[in-house]
Structure formats: structure tokens, C-alpha cells
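K.L.:
Please see the structure below; I have some questions.
The values are calculated or read from the model by the stated rules, or taken from the named source; none is laboratory data. None of the values given here were measured: they were computed from a predicted structure. Don't worry about glycine lacking a Cβ; one is built from the backbone with ideal geometry, like all the others, and counts go over all protein chains shown. Heads up: the accessible areas ignore ligands, DNA and RNA and are worked out on the full protein's heavy atoms, side chains in. Shrake-Rupley method; radii C 1.70, N 1.55, O 1.52, S 1.80 Å.
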Amino acid sequence: MASSSVVLASAGYDHTIRFWEATSGCCYRTLQYAESQVNKLEITADKTRIAAAGNPQIRVFDVNSPDPNPLLSYDGHAGNVTAVGFHKDGKWMFTGGEDGTVRVWDTRSPVCQRTYESRAAVNSVVLHPNQGELISGDQTGHIRVWDLTASACSCELVPEIGTAVRSLTVALDGTMIVAANNNGTCYVWRMMRGASLTTHFEPLHKLKAHSNIILKCLISPDCQQLATTSADKTVKLWNLDGFTLDRTLVGHTRWVWDCVFSVDAAYLVTASSDATARLWDLGSSEAIRTYSGHHKAVVCCALNDSAIEGRDVDG
């Protein structure tokens, strides 16, 4: 990871967002988030903005400006905002929350463009790589596909009735989706596009990944690995060709809430209730950097180390 082109941040229950130099581990900027804890972070593809989801608001900050104030503040959710993400070109932002809604927002002004009702607290929302469908997972175990063109729910799945879907991840090539639940199980489907162009799901595998709650699942950018983080304090890496356990990352001393891969899938950043974030070398399974400075649980992290066309030549 070339440091000049890396944006790495973490946040949690101490009401701060911290930006880190990935290689040295130094914190070079701290933003105050006075209103609440920060539940989720997301960096835009062009690395100019970072969204922080709290309770019940979302704040968007300028990544490169020293201004401590947000560029935009979004209000509308009633309760914790549990998911946040951006359209690939940054045209709009999506969120999900404990109020049972999935929302789409204009990124130029704090306007909610669409609201979808999930009828239960939403724990995870992901954007299909086709940029045309949002997929949500909720506390009652429902997974729903929201067709943004039709502005309606086009598909619904319930892998385990009554067991909360904690995290969803979609492969960047659009061929696979994984749902992780409170029982430590991952359900894997092959994603197919039918004649109607709406996504449908073909069951592929059921993976008992942890004996405790899975807090995050994430498919690597190269679509070769699945990372799962858990209340059992570990992170596991699974081979998606056969769903065998590749390695277990041990070192955090409390729940591991979040993770994000480097663009080349060689590194993983994790966030934990032990008040640290860590950078793992997936070749050696070692934590090569610990990001210390938060005073309470770190529950989210965000990383963008991808090359931006026309700007980054070193990747």
C-alpha cells in the first residue's frame, strides 16, 4: 500500500473518527463526532469524502480538508444508522437503520430521495456491483433486494427464520452473495440475472464459520476469499473455492466488529472493542501494525488504497 494514496480511518464509541498513516501507525487527524457513537464509515471511490453513520444522523466530511465541520449532515432516520455506502461515481449515498428503513440520499444536498420499508431493524445494506440494486439484511432474518429502477422489492429470502442477518457482502464480479447471521453461520448464494434482469439467488453453500455471532463478512476484491469477524475475538479467512478455512487471525482481545481488505487483498484492517484497529499481513497472518488512540470500542473502519485514474500512478 503506497502511503500517499491510502485513506484509512476508524471510529467507534469514543465519539471520534481517526485517520491513520497506514504504514507508520500514526494518527494524523481526529474528527469529533459529538452527537453519538459512530457505527459505520465509508470512503468515496475518489477518496474526497468520508461518511460517518451515527445515531440517528449521518455526517459527511471532507477527507483532505482540515475543517472539523461536516460538509453535509443527513437527518431522517429514527435510531441507529447501521449501514452506509456510496454509488460508485458518488452520485448518491445509501443507508440502513434500526428504524427498519433503507434510504437513498442525494450527495449534493441532504435530501432523502427514496425510502424503503423493511419492517424490521436493518443491520446491513450492500450495493450490487450493477449499481441498480440494494440488498438489505434485517433483525428478523429477512434479506431483500430493492430494485432502484422499479423502486420496489424484487426478491426476498429468509435463510433462518428469526435469526438476525448481521452482515451481507457481494462479490465485485456480481456472482456471489454471502449473508452472516447471529448463529455464526454464513449462507452463500450464486447470484444470477434472469431474463427480467432482476437478480435471483441459487443456494451454493452453508458455512458454520464461528460458534458465536458473526459481526462482519466480506468478500475480498479478487473474489478469492471470505473474511468473517466475530464476537469470539477472531477473524477467519475462508477460501471461496471449496469454502475451506485458510487462516485464523488471532490477537484482538475483545469482539471484532469490522474489517476491510486492501485493494490487492494482501492486507486486512480490523476494528475491535479492545479500542484498537489492526493491519494484518494475510501472507503471514501477523498483525503488522496496531492503531492505538481510541479510548473506547472501535466498531468500524474504512480503507481506500485503490488507484484513481489520472491521479495515482503508484497505486
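K.L.:
Tell me, what HN-Hα J-couplings in whole Hz come from the Karplus equation 6.51 cos²θ - 1.76 cosθ + 1.60 at θ = phi - 60° for each residue of the stretch 202-207, using x for Gly and Pro?
P.N.:
Values per residue, Gly and Pro as x: 10, x, 10, 6, 10, 10 Hz.
K.L.:
Here's something else I'd like to know. Compute the longest continuous run of the chain that contains no exposed trypsin sites (Lys or Arg not before Pro); treat a site as exposed when its DSSP state is not H, G, I, E or B and it has at most 15 other Cβ atoms within 10 Å.
P.N.:
120-253
K.L.:
Okay, next question. Need the list of lysines near LYS233 for cross-linking: C-alpha distance under 24 angstrom, and skip anything on the same chain fewer than eight residues off.
P.N.:
Within the straight-line limit of under 24 Å, LYS233 reaches these lysines: LYS40, LYS206, LYS208, LYS216, LYS296.
K.L.:
Carbon and sulfur together cover what percent of the accessible area of the stretch 184-240 at a 1.4 Å probe radius? Don't skip to the answer; put the middle values down first.
P.N.:
Values: 1190 of 2310 Å².
Within the stretch 184-240, the accessible surface is 51 percent carbon and sulfur.
K.L.:
What's the long-distance tail for the chain, i.e. % of Cα pairs beyond 30 Å?
P.N.:
Value for the chain: 27 percent of Cα pairs lie more than 30 Å apart.
K.L.:
If you rank GLU98, GLU202 by how much accessible surface each has, with a 1.4 Å probe, what is the order from largest down? Walk me through the numbers before you get to the answer.
P.N.:
Numbers: GLU98 95, GLU202 75 Å².
If we order GLU98, GLU202 from most to least accessible, we get GLU98, GLU202.
K.L.:
For LYS91, give me every one of the lysines with a C-alpha distance below 17 angstrom, ignoring sequence neighbours fewer than eight places off in its own chain.
P.N.:
The reachable lysines, counting only those whose Cα sits under 17 Å from LYS91, are LYS47.
K.L.:
From the P(r) of the stretch 240-282, can you give the percent of Cα pairs sitting at distances over 16 Å? Working shown, then result.
P.N.:
On the way: 388 of 903 pairs.
Pairs farther apart than 16 Å: 43 percent.
K.L.:
Compute the label zone of ASN239 within the stretch 269-296: residues whose backbone N is under 20 Å from the point 7 Å along Cα-to-Cβ.
P.N.:
281-286
K.L.:
Using a 1.4 Å probe on the protein heavy atoms only, what accessible surface does THR229 show? Give it in Å² to the nearest 10.
P.N.:
0 Å²
K.L.:
Name the residue farthest towards the positive end of the dipole of the chain from the options THR16, ILE50, ILE288, assuming +1 on Cβ of Lys and Arg, -1 on Cβ of Asp and Glu, about the Cα centre.
P.N.:
THR16
K.L.:
Whole-Hz Karplus ³J(HN,Hα) for the stretch 119-128, in order, using 6.51 cos²θ - 1.76 cosθ + 1.60 and θ = phi - 60°, x for Gly and Pro?
P.N.:
My calculation for the stretch 119-128 gives 6, 7, 4, 8, 9, 7, 9, 10, 9, 4 Hz in order.
K.L.:
Rounded to the nearest whole Å³, what is the per residue volume of the convex hull around the Cα atoms of the stretch 21-170?
P.N.:
In the stretch 21-170, the Cα convex hull volume per residue is 124 Å³.
K.L.:
Using a 1.4 Å probe on the protein heavy atoms, what percent of the accessible area of the stretch 19-173 belongs to carbon and sulfur?
P.N.:
Carbon and sulfur atoms account for 49 percent of the accessible area of the stretch 19-173.
K.L.:
Heavy-atom accessible area per residue, the chain, 1.4 Å probe: how many Å²?
P.N.:
40 Å²
K.L.:
Let me ask something additional. What three numbers, in Å, describe the spread of the alpha carbons of the stretch 204-272 along their principal axes, ordered from the longest?
P.N.:
So the extents along the principal axes, rounded to whole Å, are 29, 27, 16.
K.L.:
Taking θ = phi - 60°, what integer Hz values does the Karplus form 6.51 cos²θ - 1.76 cosθ + 1.60 yield along the stretch 269-282, in sequence order, with x for Gly and Pro?
P.N.:
Coupling constants for the stretch 269-282: 9, 10, 10, 9, 5, 6, 6, 10, 10, 9, 10, 10, 8, 6 Hz.
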